[in-house]
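Asks: Attaching a single structure in structure tokens format; questions to follow.
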Amino acid sequence: MAQAPKVLLAQVRNEFGKGAARRSRRAGMVPGVLYGAGQETLHIDLPEHEVFLTIRSTKAAQVEVELEGKRIKAFVKDVQVHPVSRQIQHIDLQILGA
């Protein structure tokens, strides 16, 4: 039986660049992007622990992102992990059905 996709609570990021990403990581968040065909790319922050548990526990990598009260189905397209600490550095999510 298919498992329901995990729900990740996201916040829109207004700052960009290396410094902003480092501040997000220090605050326990994972910087990421949410994109799809014909849709505007959104820069988001996701809780690091929830992202880690979701990626570790699912093979399909389908998630639901809750952003500003809306739920968006997405597919984990890419995850960048630090080579030494194994901390998640960045995540790319592609909107399904876009």
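Only the coordinates and a few stated rules stand behind these numbers; no lab work does. For clarity, every value in this text was computed on a predicted model and none was experimentally measured.
Asks: Under 5 Å between amide hydrogens, which residues at least 5 positions from residue 77 or on another chain qualify, with H placed 1.01 Å from N in the peptide plane?
Replies: Long-range HN contacts for residue 77: 92, 93, 94.
Asks: Would you please give the residues with an amide H less than 5 Å from that of residue 6, counting only those at least 5 places away or on a separate chain, with H modeled from the backbone geometry?
Replies: Those qualifying (amide H under 5 Å, at least 5 residues apart or on another chain) are 64.
Asks: Please figure out what share of the DSSP beta bridges in segment 29-98 is antiparallel and state it in percent, rounded to the nearest 5.
Replies: Details: 19 of 23 bridges.
Bridges in segment 29-98 are about 85 percent antiparallel.
Asks: On full extension of the chain, what length is gained from residue 23 through residue 70, given 0.36 nm per residue of separation minus the C-alpha to C-alpha distance?
Replies: Details: separation 47, 0.36 × 47 = 16.92 nm, distance 2.57 nm.
Fully extending the segment from residue 23 to residue 70 adds 14.4 nm.
Asks: Further question: Could you pull out every residue, at least 5 positions away or on a different chain, whose amide H is within less than 5 Å of the one on residue 13? Hs are placed 1.01 Å off N in the peptide plane, and Pro or chain starts have none.
Replies: Close amide H contacts, sequence-distant or interchain: 43, 44, 45.
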